[in-house]
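Working notes for the structure below.
The values are calculated or read from the model by the stated rules, or taken from the named source; none is laboratory data. Fair warning: this is a prediction, and the values are worked out from it, not measured in the lab. Backbone-built Cβ (ideal geometry, glycine too); neighbour counts: all protein chains shown. Ligands, DNA and RNA are excluded from the accessible area calculation, which covers all protein heavy atoms including side chains. Shrake-Rupley method; radii C 1.70, N 1.55, O 1.52, S 1.80 Å.
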Amino acid sequence: MSVSRSIRDDRNRLFEFAGAPRRVVSLVPSDTLNVAALGCAHLLVGRTDYCELPAEIVSVPSVGGTKNPRIDDVLRLEPDLVLANQEENTRGDLETLAQRGVRVYVAFPKRVAEGVSHLARLARLFAVERAPEVRDLVRRAYAAVREAEAARAAAGGRPVRVF
């Protein structure tokens, strides 16, 4: 039984999903890693030239670079979702994909905590948020953010040099 879910991207656009996406193109190397970390690498049907990790996704077809994906190659893969980043991908490419009927989920985390929140939203989008290993991954990530914030407070508010 598939569960309907509503998720907003970082552009505050609402996406309605009847079930988890099954054909995903990632135009963002960090999101390719995120998808794999969530146990969903098998859903990737396309990636960029720069998405080289984890090793299991190297056999997934490349659609070009982050700034210059081959739109026709993306479309040929018939994705039901494209993962993009506001800073890493060009607006024109993302708009072209959207105009061609592709769902383009745009992330734009600017702080570490926002990156963890993005990971948690991806887990929900892929319907794996309740998997014990995913819950543990997100919990550990938020714990690391809290530890870094505590270290910063202990240092008198000075930035933490390494996260």
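Between the C-alpha center of region 17-76 and that of region 95-163 there is a gap of 18 Å. Close amide H pairs (under 5 Å, H built 1.01 Å from N) link Val104 with Val82, residues at least 5 positions away or on another chain. Relative contact order for region 33-141: 19 percent, from Cα pairs under 8 Å spaced at least 6 residues apart, divided by residue count. If R0 is 35 Å, the Cβ-Cβ spacing of Arg5 and Lys67 corresponds to a FRET efficiency of close to 0.70. Over every Cα atom in region 93-163, the radius of gyration and the widest Cα-Cα span, Dmax, amount to 16.3, 51 Å.
Modelled label positions at Ala144 and His42, each set 7 Å beyond Cα in the direction of Cβ, lie 2.6 nm from each other.
Over the chain, give the accessible area per residue in Å² for a 1.4 Å probe, as an integer.
Result: 56 Å² per residue.
Beta bridges from DSSP with both residues in the chain: antiparallel share about 35 percent, rounded to the nearest 5.
By how many nm would the segment from Phe108 to Ala55 grow when fully extended, if each residue of separation counts as 0.36 nm and the alpha-carbon distance is taken off?
Full extension of this stretch gives 16.6 nm more.
Of the GluC sites (Glu not before Pro) found in region 5-83, none is in coil by DSSP with at most 11 other Cβ atoms within 10 Å of its Cβ. Helical runs (DSSP H, four residues minimum) scored at -39500 (n - 2.57) apiece and divided by the length of the chain put the mean residue ellipticity at 222 nm at -11500 deg cm²/dmol.
Rolling a 1.4 Å probe across all protein chains gives Arg139 an accessible area of roughly 130 Å². For semi-axes √(5λ) of the Cα gyration tensor in Å, several values are listed as [x] 23, 18, 15; [y] 28, 18, 15; [z] 20, 19, 16; flag the one computed from this structure. Computed from these coordinates, semi-axes √(5λ) of the Cα gyration tensor in Å corresponds to label [y]. In the chain, the portion of solvent-accessible area held by carbon and sulfur atoms comes to 51 percent [1.4 Å probe, whole percent, DNA, RNA and ligands not counted].
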